[in-house]
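Participant: My questions all concern the structure below.
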Amino acid sequence: MRTYFFMSVCSVLTCFGLYAKEKVVLKIASIAPARSIWETELKKLSAEWSEITGGLVSMKFYDMSSLGGEREGIRKLKSSRPGQAAPLDGAVFSCLGLSELAPDSGIYTLSVPFLIQNEKDLERVLHELREDLDRPFRAAGFRVITWTNAGWLSFYTRAPYASLGQLKKQTIALSSLDSSVLGTCFRICGFDIKDAPNARLAPLLKAGSIDGFLSVHLFTWATGFYRYISYALDTKICPAVIGMLISDGSWARIPSRYHDAMLQAATRVRQRLANNLETLDRECSNNIQKAGVSIVHLTPQEIQEWRTEFAADVKRIQARLPGMLNMTLYEKIKHLLYSAQR
């Protein structure tokens, strides 16, 4: 009897040990371009998580566009049948995906032109207001692993302009963002916006069907689209914020004793990206200029005029698209950054 009892206990302990050591492979869809610094940092994070957990946790990344885009990525985060695991454990989304995942997040508030004007301001917002940013996604059943920036949106045009009013008269395409929501916001601000997929951008520029596009320096340089423009605005309009999330169910598969160290590793990724982005942004701007594109610099007075006009547009956006912007978050950001400047 004692022998039987001893063997039973050993069997239970052995099974428990095998279960505890079962590896967790997190399937993550990502918008990060291949061979970009964002893809590199995600792979580094996977290696760090593996080291932190003694090889228990790793990540397998999938190209979001190959899966069908961010809307399809959201669908794959949900189980198709009760009791069945979802195809994906998490994702790296742009504001488009984040907004659709948690419509009440008002995440586009971070994209209000000239609200956040540099990496230092953005880092302060992401750190100080992290709870406000994370809350809607926790309510939707997701753990936000980290926030970061894909670059600074700016205007790239074929023709010159001497004022914001003249720029608004040019037909501007939204490239790489594929976001009709953001396009609608800019239309409310008075811009002539044309929604255009990436594959159509070059032909439209060549044909003169559009006068320019809204994007980031890295995208403009890496895709070669700088060949079809003559002017690049070297002013940070707003950050292209991205977020990495993992479903609560998948996060719970990882022993809680590792969670803090894993999140700290993700914070280091955000900080490294912020440090590298300024350098990369400047390199791409210099390369674009060397290729013959004229760089447009706004004077401090012009920046203030643009900021004032865009601030007035916020009220129009809120009236036309209620809930698109989180006005509480908007006021908190203004107060935080104004206080920081003081």
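Participant: Can you tell me which residue within segment 24-35, out of those that are of a type in the set (Gly, Ala, Ser) and in contact (Cβ under 8 Å) with a residue 40 or more places away in the chain, is farthest from Ala274 (Cα to Cα)?
Facilitator: Once the filter is applied, the top-ranked residue is Ala29.
Participant: So, in segment 122-164, how many residues would count as being more than 16 Å from Arg270 (Cα to Cα) and aliphatic (A, V, I, L, M)?
Facilitator: Residues in segment 122-164 being more than 16 Å from Arg270 (Cα to Cα) and aliphatic (A, V, I, L, M): 6 in total.
Participant: Give the residue that is modelled with the highest pLDDT, with candidates limited to residues of segment 84-137 that are aromatic (Phe, Trp, Tyr) and under 13 Å from Gly243 (Cα atoms). Working first, answer last.
Facilitator: Just the residues of segment 84-137 that are aromatic (Phe, Trp, Tyr), to begin with: 93, 108, 114, 137.
Subsequent filtering for residues that are under 13 Å from Gly243 (Cα atoms) retains 93, 108, 137.
On the way: Phe93: 95, Tyr108: 92, Phe137: 98.
Out of the qualifying residues, it is Phe137.
Participant: Now a separate question. I'd like the full set of residues that are within 22 Å of Arg272 (Cα to Cα), of a type in the set (Gly, Ala, Ser) and not in a loop (DSSP other than H, G, I, E, B), limited to segment 80-131.
Facilitator: Initially, segment 80-131 is screened for residues within 22 Å of Arg272 (Cα to Cα), giving 90-95, 110-111, 116-131.
From what is left, the residues that are of a type in the set (Gly, Ala, Ser) are 90-91, 94, 111.
Residues satisfying the conditions are Gly90, Ala91, Ser111.
Participant: Now for a different question. Quick one: count up the residues across segment 16-61 that are modelled with pLDDT of 90 or more, outside any helix (DSSP H, G or I), surrounded by fewer than 17 Cβ atoms within 10 Å (Cβ to Cβ) and of a type in the set (Lys, Arg).
Facilitator: Total satisfying the criteria: 2.
Participant: While we're looking at this one, here's another question. Scan segment 321-334 and report the pairs whose first residue is over 19 Å from Phe186 (Cβ atoms) and whose second residue is part of a helix (DSSP H, G or I) and modelled with pLDDT of 90 or more, with Cβ atoms within less than 6 Å and a gap of 6+ or a chain change.
Facilitator: Leu329/Thr109; Leu329/Asp132; Ile333/Val125
Yes/no matrix, rows are residues, columns are (1) touching a residue at least 12 places away in the same chain (Cβ under 8 Å); (2) assigned to a strand (DSSP E or B):
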position: Thr235; (1), (2): yes, no
position: Pro239; (1), (2): yes, yes
position: Leu245; (1), (2): yes, yes
position: Ile254; (1), (2): yes, no
position: His259; (1), (2): no, no
position: Ala266; (1), (2): yes, no
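Participant: Report every pair of residues separated by at least 6 positions or lying on different chains whose Cβ atoms are under 8 Å apart, first residue within segment 86-103 and farther than 14 Å from Arg143 by Cα, second of a type in the set (Lys, Arg) and in a loop (DSSP other than H, G, I, E, B).
Facilitator: Ala86/Lys78
Participant: Another question, then. Residues of segment 277-308 being within 20 Å of the chain's Cα centre (by Cα), in contact (Cβ under 8 Å) with a residue 40 or more places away in the chain and surrounded by fewer than 16 Cβ atoms within 10 Å (Cβ to Cβ), which ones?
Facilitator: Glu278
Participant: Say whether the condition of being surrounded by fewer than 24 Cβ atoms within 10 Å (Cβ to Cβ), of a type in the set (Asp, Glu) and either within 30 Å of Asp313 (Cβ to Cβ) or touching a Pro at 6+ places or on another chain (Cβ under 7 Å) (or both) is met by at least one residue in segment 102-114.
Facilitator: Yes, segment 102-114 has at least one match.
Participant: Another question, then. Checking Ala274 against (1) surrounded by fewer than 19 Cβ atoms within 10 Å (Cβ to Cβ); (2) touching a strand residue (DSSP E or B) at 6+ places or on another chain (Cβ under 8 Å); (3) in a loop (DSSP other than H, G, I, E, B), only one condition comes out false. Which one?
Facilitator: Here Ala274 clears every test but (3).
Participant: Return the residue satisfying two criteria in turn: it lies in segment 309-333 and is exposed (fewer than 14 other Cβ atoms within 10 Å of the Cβ) and charged (D, E, K, R), and of such residues it is farthest from Leu122 (Cα to Cα).
Facilitator: Arg320
Participant: Which of the residues spanning segment 62-82 are surrounded by 13 or more Cβ atoms within 10 Å (Cβ to Cβ), at pLDDT below 90 and either over 17 Å from Leu98 (Cα atoms) or of a type in the set (Phe, Trp, Tyr) (or both)?
Facilitator: The answer is Ser79, and nothing else.
Participant: A follow-up question, please. So in segment 309-325, with the set limited to residues that are under 22 Å from the mean Cα position of the chain (by Cα) and part of a loop (DSSP other than H, G, I, E, B), which one is nearest to Leu98 (Cα to Cα)?
Facilitator: Selected residue: Met324.
The values are calculated or read from the model by the stated rules, or taken from the named source; none is laboratory data. Because the structure is a prediction, the values reported are computed rather than measured. Backbone-built Cβ (ideal geometry, glycine too); neighbour counts: all protein chains shown.
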